[in-house]
1. HN-Hα J couplings of the range 364-371 from phi, Karplus 6.51/-1.76/1.60, θ = phi - 60°, integer Hz, Gly and Pro as x?
2. Along the range 419-430, what does the Karplus equation 6.51 cos²θ - 1.76 cosθ + 1.60 (θ = phi - 60°) give for ³J(HN,Hα), rounded to whole Hz, x for Gly and Pro?
3. Here are labelled values, (i) 4, 18, 27, 28, 17, 5, 1, 0; (ii) 4, 16, 24, 23, 13, 6, 3, 3, 3, 2, 2, 1, 0, 0; (iii) 3, 14, 21, 18, 11, 8, 7, 7, 5, 3, 1, 0, 0, 0, and one is the computed P(r) over Cα pairs in 10 Å bins from 0, in percent for what I pasted. Which one?
4. Over the chain, what is the percentage of antiparallel beta bridges among all DSSP beta bridges, to the nearest 5?
5. Work out the charge dipole of the chain with +1 on the Cβ of Lys and Arg and -1 on the Cβ of Asp and Glu about the Cα centre, then indicate which of GLN251, ALA281, GLN92 is farthest towards its positive end.
6. Considering amide H positions built from the backbone, and no H for Pro or chain starts, which residues 5 or more places from ALA362, or on another chain, come under 5 Å of its amide H?
7. Dipole of the range 278-418, Cα-centred, from +1 at each Lys and Arg C-beta and -1 at each Asp and Glu C-beta, to the nearest 20 debye?
8. Taking LYS368 as the anchor, which lysines have their alpha carbon closer than 27 Å to its alpha carbon, excluding any fewer than eight residues away along the same chain?
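The values are calculated or read from the model by the stated rules, or taken from the named source; none is laboratory data. Computed from a predicted model, the values in this text were never measured in an experiment. Virtual Cβ from ideal backbone geometry, glycine too; neighbours counted across all protein chains shown. These area figures cover heavy atoms from the full protein model, side chains too; ligands, DNA and RNA do not enter into them. Shrake-Rupley method; radii C 1.70, N 1.55, O 1.52, S 1.80 Å.
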Amino acid sequence: MPAPNSDLSDLDKIKQSLSSITSIGSVNDVLAAFGLLDMPQAQKYGIMFGVIIFILTVVAVLTLLTLGGTWKRIEQQASSGESAVAPDSVTQRKRRPLLLERLLEGRDWMIKTNYPKKEQEKIETLTPLTKMLMTVAPKEGEIPEGYEENYKNAYRRCQDKPGGAILGGRPSHRFEAYARAFAGCGNRTSLTYRWSYARMYESMAGKSHETDEQFKALFQNSPHGIIGRSCRLEPLGAGHLNDLWEITSGQPYKEHKAYNPDEVWGFLDCGPFDKPQSMLASEVFQLERNQSAFAIVESITDRLLGVIHLTKDDPKNLNIQMELPIIKPSSDGTVEQLEACFILLDRLFALGYRRVQMCVDAQDVRGKRLPGRLGFTQEGQIPKHMIVKESNRDSLIYGMLNSDWDKGARAFLFKKLHGVSVQKTDAAIVAKEEEVHDLAEQLREKKEAEAKKDKKKA
């Protein structure tokens, strides 16, 4: 390209600079402009065909976008203010087509004809399943079976080996806390569970004089709760109603901003509720005999975080289903949500359940994360599994087996919640207690055998 002459006008300089482009009259001129004229013939043809394919591809894409109406949709979205991004899972759920009217009418007729007393079987008070799971505690004039003996044995064991330093002026505070928690697990839970739960309870209650007072007051006011480090589970009752409605209604609540209530209720067959009494009359509080519900309460603030349900209890096969916790969006994925599920799973497996199932809407992106975080295994997908808000729902099935829980799932989740050192300490405590228990059993069997021999001699 010739060097621009400084005596020329600006227009002449531009024309002179573009002279090499305007003078192109053949393919060789194009190759010469890019310095490719001296390349072998095969490479020249390869480059030429590559350019042609690129141009044809661009033309084809632009043609498809034009014929498909993409430009028109973008123009409409720009004029209407709609978002051009893909809708979230809650919005997609609301866009599901409704089922045919004849199918919904047939369903109502079948329920009314075959199960006319179904609604009357709902229970507002504590269900048998809830009573089985909640912590055992003595009432005035009534001591549960085995509670006194378990309390005494645990008290003596903690006297022999307390889990930490004794607070000044309270020589028995650790013994009482350990015995209270151990006996509260009941007679039907496994010993390994009771040892672990009682030592964790003792360590939390015995930190200071303040925590000792806090846990004593908690035992007086809410003796049936299942206690964790960051949260506790209380049997759901009418006393939780107003707070549960407040945090799940989508309205501003204390320091929390307003949000779309469909983030909580969009994938459930009930809700949102316009008032607390509507929630009280719903399946959130009205439970069947094979169901249970526990309120999730934060340990530090004593605030209600949500509720977790158990359904489809099948004691014949030792199976049960744990539902996704109903919580406000800001609590999703928190340690409190994880620990609420953990302490409930721990008690279920301690009672002897062989399998716990979770069933999640296939479109619930947020809900599908929790089973994986808990260590559940995805077992399959069921199409047309349920009718939710008069539209179809496909479900993903997740399962946790007692063998998986014992062989590593519990330790993994415990470590995630409390840290490596606490998990190792817990495992060491259980191993030591098993050793002591085995020695005591051997000694007892030996004494019984000697007693039988003495009886025969007499």
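1. Residue by residue, the range 364-371 yields 7, 4, 5, x, 6, 6, 4, x Hz.
2. x, 5, 5, 5, 5, 5, 4, 4, 5, 5, 4, 4
3. Correct label, based on the coordinates given: (iii).
4. On the way: 37 of 40 bridges.
Taking every DSSP beta bridge with both residues in the chain, the antiparallel ones total about 90 percent.
5. About the Cα centre, the residue reaching furthest to the positive side is ALA281.
6. Excluding prolines and chain starts, which carry no amide H, the hits are ASP394, SER395, LEU396.
7. Numbers: 19 positive and 18 negative charges, 64 e Å.
The calculation lands at about 300 debye.
8. Output for LYS368: LYS94, LYS257, LYS312, LYS328, LYS384, LYS389, LYS407, LYS415, LYS416.
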